[in-house]
Amino acid sequence: MTVLFEKLATLAATWVGGKYGLLTGIVIIFAMDTSLIDAVSFAMLFLAANNSNREMKAIQRKLDVLVASIDEADNEFIGLDHLSEKEIDAHDLNR
């Protein structure tokens with residue numbers, strides 16, 4: 001159940017932060033209520049999610065490059081962001 005939730009949460013965050021999430025959100029708001037203020041607020045939520053997703057990916061890649069460039073660093077943790085929460089917790093227990 002946890003794996004399913006993680007996959008759905010990741011899919012939802014990626015979709016909401018993407019270009020189609022913004023367009024769908026605007027259509028839903030206009031279908032429910034024609035208030036322009038509500039539509040703009042809702043659109044800003046999707047734009048913020050998109051920006052956050054993009055920034056986090058960029059930060060993770062920069063950190064991966066920094067760790068890889070240090071000879072004494074433990075490269076085992078590069079790409080850890082692609083693992084499930086359970087797999088990440090297992091890394092913490094092994095230390």
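The values are calculated or read from the model by the stated rules, or taken from the named source; none is laboratory data. Only a predicted model underlies this, so the values are computations on that prediction, with no experimental measurement involved. Methodologically, a virtual Cβ is constructed for each residue, glycine included, from the backbone with ideal geometry; neighbour enumeration extends over all protein chains shown.
Of the numbered conditions (1) exposed (fewer than 12 other Cβ atoms within 10 Å of the Cβ); (2) at pLDDT 75 or above, Val67 satisfies every one except a single condition; which is it?
With (1) exposed (fewer than 12 other Cβ atoms within 10 Å of the Cβ); (2) at pLDDT 75 or above applied to Val67, the lone miss is (1).
So which pairs qualify, if the first residue must be in the range 58-77 and within 20 Å of His91 (Cα to Cα), the second must be in a helix (DSSP H, G or I) and not β-branched (Val, Ile, Thr), the Cβ gap must be under 6 Å, and the two must be at least 6 apart or on different chains?
Going by the 6 Å Cβ cut-off, the qualifying pairs are Gln60/Asp81.
Any residue in the range 3-32 that is surrounded by fewer than 11 Cβ atoms within 10 Å (Cβ to Cβ) sitting within a Cβ distance under 7 Å of a residue that is modelled with pLDDT of 75 or more? List the pairs, counting only those 6 or more apart or interchain.
Val3/Ser84
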